[in-house]
Amino acid sequence: DGGITQSPKYLFRKEGQNVTLSCEQNLNHDAMYWYRQDPGQGLRLIYYSQIVNDFQKGDIAEGYSVSREKKESFPLTVTSAQKNPTAFYLCASSIGAPRAAFFGQGTRLTVV
Amino acid sequence: AQSVAQPEDQVNVAEGNPLTVKCTYSVSGNPYLFWYVQYPNRGLQFLLKYITGDNLVKGSYGFEAEFNKSQTSFHLKKPSALVSDSALYFCAVRDGQAAGNKLTFGGGTRVLVKP
């Protein structure tokens with residue numbers, strides 16, 4: 001089955017620790033995205049990548065880092081510099097404009 | 001810069017009545033517009049999109065949306081709402097003439113359909 005897989009579904013982190021969220025797609029999509037969703041709020045773009053080995057900062061990139069070494073994978077690292085990391089993180093991919101983006105099921109990160 | 005506004009945090013409608021969720025956008029070039037739906041603790045599901053052509057776009061689950069260039073709007077509609085339509089709805093825009101693939105979302109509108 002083609003799709004986007006995010007893992008883990010739930011993640012707990014201690015303050016001061018870095019943590020990496022996984023996002024893998026087998027749709028052969030060029031573009032991939034990371035969004036953050038807070039309760040009662042919309043999606044805010046963290047980073048996006050149009051091709052392998054290239055990525056751009058979104059609207060709230062501070063405290064996050066990404067890599068795009070393979071077309072299928074776009075992992076997101078939440079660093080200790082991110083002051084309020086508890087949120088629902090969504091990964092998406094698309095062939096590119098004007099095609100729609102397809103989303104994974106999300107990872108809920110909680111800092112304890 | 002591109003942006004999307006969904007002016008209503010929540011829309012309440014009785015089952016069987018028409019449903020409208022509002023969206024306005026701002027882009028420099030031609031807009032590519034999308035509607036998504038989200039159920040609790042899940043990712044977003046694509047409903048429909050406008051790229052070019054007919055201003056009335058039909059999508060999944062009986063939803064449709066009307067593109068209005070002069071009002072920079074892309075409102076989502078359903079003639080007869082179902083209780084199962086209760087969810088969080090997001091409008092999104094991409095600039096069709098921009099070099100990148102940046103996709104910007106609105107703040108979301110919660111729809112509650114009452115039996």
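The values are calculated or read from the model by the stated rules, or taken from the named source; none is laboratory data. On a predicted model such as this, the values are computed, not experimentally measured, just so you know. Neighbour counts are summed over all protein chains in view; Cβ atoms, including those assigned to glycine, are modelled from backbone coordinates with ideal geometry. For the accessible areas, the whole protein counts, side chains as well, though only heavy atoms, and no ligand, DNA or RNA atoms are used. Shrake-Rupley method; radii C 1.70, N 1.55, O 1.52, S 1.80 Å.
Under a cut-off of 28 Å between alpha-carbon atoms, report the lysines in cross-link reach of A:K71, not counting same-chain residues fewer than 8 places apart.
Excluding near neighbours in sequence, the set is A:K9, A:K57, B:K49, B:K102.
Just add up the charged neighbours of A:G96: K/R +1, D/E -1, any other residue whose Cβ is under 15 Å from the Cβ of A:G96.
+3
When ranked by the protection proxy of mean other Cβ atoms within 10 Å per residue, highest first, what sequence do the peptides B:84-92, B:20-28 form?
Numbers: B:84-92: 20.7, B:20-28: 18.8.
Output ranking for B:84-92, B:20-28: B:84-92, B:20-28.
Enter the accessible area of B:D9 (Å², nearest 10), with the probe set to 1.4 Å and all protein chains included.
The value for B:D9 is about 130 Å².
Could you check the spin-label model distance between B:E15 and B:K77? Points 7 Å from the Cα along Cα→Cβ, value in nm.
Placing both labels 7 Å along Cα→Cβ, they lie 2.4 nm apart.
Give the calculated FRET efficiency between A:K57 and A:Y10 to the nearest 0.05, with a Förster radius of 25 Å applied to their Cβ-Cβ distance.
Plugging the Cβ-Cβ distance into 1/(1 + (r/R0)^6) gives 0.40.
If one puts a single equal scatterer on every Cα of the protein assembly as shown and applies the Debye formula without solvent, what log₁₀ I(q)/I(0) results at q = 0.07 Å⁻¹?
The Cα Debye sum returns log10 ratios of -0.22.
Comparing the chain by itself with all protein chains present, which residues of the range B:75-115 are at least 40 Å² less accessible (probe 1.4 Å)?
B:R94, B:N101, B:K102, B:L103, B:F105
For a quick check of your reading of the filter: which trypsin sites (Lys or Arg not before Pro) in the range B:44-115 sit in a DSSP loop and have no more than 12 other Cβ atoms within 10 Å?
Those that pass, being in a loop and sparsely packed, are B:K69.
So for chain A, averaging the separation of alpha carbon pairs under 8 Å that are six or more residues apart and normalising by length, what relative contact order in percent results?
Relative contact order, chain A: 35 percent.
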